[in-house]
1. Summing -39500 (n - 2.57) over the DSSP H runs of n ≥ 4 in the chain and dividing by its residue number, what mean residue ellipticity at 222 nm do you reach, to the nearest 500 deg cm²/dmol?
2. Indicate the gyration tensor shape class of the stretch 1-46 (rounded, prolate or oblate), computed on the Cα atoms with a ≥ b ≥ c the square roots of the eigenvalues: a/c under 1.5 is rounded; otherwise a/b larger than b/c is prolate and the rest oblate.
3. If each of SER50 and LEU23 carries a label point 7 Å out from its Cα toward its Cβ, how far apart are those two points in nm?
4. What is the local net charge at ASN11, summed over the other residues whose Cβ is closer than 12 Å to its Cβ (Lys, Arg +1; Asp, Glu -1)?
5. If you take the C-alpha gyration tensor of the chain, multiply each eigenvalue by 5 and take the square root, what semi-axes do you get, largest first, in whole Å?
Amino acid sequence: CVAACPNGAANLFTGAKIGHLNLLPQGQPERYQRAQNMVDVMEEYFGSCSNHAECEIACPKNISIDFIARMNRDYLKSKFRNRKE
């Protein structure tokens, strides 16, 4: 998936992993902090997503880019939640 991305972004993989962990009940307390931490590390080592959807086309597991949107939503929520603290 990452190799197919013109930016070399790992957003599809990271979004799918965050989505997977968010399905677990024990993962809910740190949901937003986990999204923030994983996205920060991902952006440090990979490029940003430009929504070409090349990763979705090349993905052997047929992971949808909807996971990237969910990841970005959780990331933005984490920024607002941490601002209040």
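1. Result for the chain: -19000 deg cm²/dmol, rounded to the nearest 500.
2. Oblate is the answer for the stretch 1-46, as a/c is 1.5 or above yet b/c matches or exceeds a/b.
3. For SER50 paired with LEU23, the spin-label model returns 3.2 nm.
4. Spelling it out: positives minus negatives among the neighbours equals -2.
5. Semi-axes (√(5λ), whole Å): 23, 14, 9.
We did not get these values from a lab; they are worked out from the coordinates using the rules stated. Fair warning: this is a prediction, and the values are worked out from it, not measured in the lab. Neighbour counts run over all protein chains shown; Cβ positions are idealised from the backbone, glycine included.
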